[in-house]
Amino acid sequence: MHLIARFNAVFATPFGKVGIRTEANTICEIVYLPNTAQDVSPNNALARQAVRQIERYLKHPNATFDLPLADVGSVFQRRVWQAISAIAPGTVQTYGQLARLIGSAPRAVGQACGSNYFPLVIPCHRVVGTNGIGGFAHHAGDGYFRTVKRWLLAHEGINYNSDSARAI
């Protein structure tokens, strides 16, 4: 569990709390936190900007992000994250489709998705399994993280209430 003190902002969303960590002039990390996490008012301009942009997305699923993201992750992870960023709101791609697009394997794509430092901004929730919703943030099975993924997909008009999907 992340220490709340590390975050420059922690705020409530419809699915739980979101923590934002900044360093210098970049967003270093965005993390899903449980509702029990204590709110932290944004303590710098970049954290305030990130909160505003995430709140805008939560009201309007087609909203885009324009935030300076830290240069983190391996070359491969950044390639996967770039491909994920091209998936339009309200649509999904499977791990296999993404793997074919970048010339890799589905499992490697799944690992890179789970290592995403910037969920919401890099919409890894739009990547699903061939036969179901798939994991989320390195968590499998039904629980908090899949609930977040289902909420985000439903927010964008895609319903994954069971392990099979249908558009709403």
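The values are calculated or read from the model by the stated rules, or taken from the named source; none is laboratory data. The structure presented is a predicted model; accordingly, all values stated were derived computationally and were not measured. For neighbour counting, all protein chains shown are included, and Cβ atoms are generated from backbone atoms with ideal geometry for every residue, glycine included. SASA here: full protein model, heavy atoms, side chains in, ligands and nucleic acids out. Shrake-Rupley method; radii C 1.70, N 1.55, O 1.52, S 1.80 Å.
When you scan segment 43-52, do you find a residue that is small (G, A, S) and open to solvent by 60 Å² or more (accessible area, probe 1.4 Å), even just one? Give the steps one after another, and end with the answer.
Let us first name the residues in segment 43-52 that are small (G, A, S), namely 45, 47, 50.
This time we only want the ones that are open to solvent by 60 Å² or more (accessible area, probe 1.4 Å), so: 45.
Looking for residues that are small (G, A, S) and open to solvent by 60 Å² or more (accessible area, probe 1.4 Å), one finds at least one in segment 43-52, hence yes.
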**Q.** Filter pass, D71 being out of contact with any helix residue (DSSP H, G or I) (no Cβ under 7 Å at 6 or more places or on another chain), open to solvent by 20 Å² or more (accessible area, probe 1.4 Å) and closer than 18 Å to S115 by Cβ
**A.** yes
Checked pairs for segment 74-89, first touching a residue at least 40 places away in the same chain (Cβ under 8 Å), second polar (S, T, N, Q), C-beta under 8 Å and 6 or more apart or across chains, list as W81/N116; I84/N116; I87/Q93; P89/N62
Checked segment 49-62 for anything assigned to a loop (DSSP other than H, G, I, E, B) and touching a residue at least 12 places away in the same chain (Cβ under 8 Å); matches are P61, N62
Practice task
Could you check, for segment 122-135, whether at least one of its residues is surrounded by fewer than 16 Cβ atoms within 10 Å (Cβ to Cβ), modelled with pLDDT of 95 or more and either of a type in the set (D, E, K, R) or closer than 17 Å to K17 by Cα (or both)?
Solution key: no
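Could you list, in sequence order, the residues of segment 17-46 that are over 16 Å from V148 (Cα atoms), in contact (Cβ under 8 Å) with a residue 12 or more places away in the chain and part of a loop (DSSP other than H, G, I, E, B)? So that I can check it myself, show each step before the final result.
Step one: filter segment 17-46 for residues over 16 Å from V148 (Cα atoms), giving 20-29, 38-46.
Filter once more, so that each one left must be in contact (Cβ under 8 Å) with a residue 12 or more places away in the chain: 20-23, 25-29, 38-44, 46.
Matches in segment 17-46: N25, Q38, D39, S41, P42, N43, N44.
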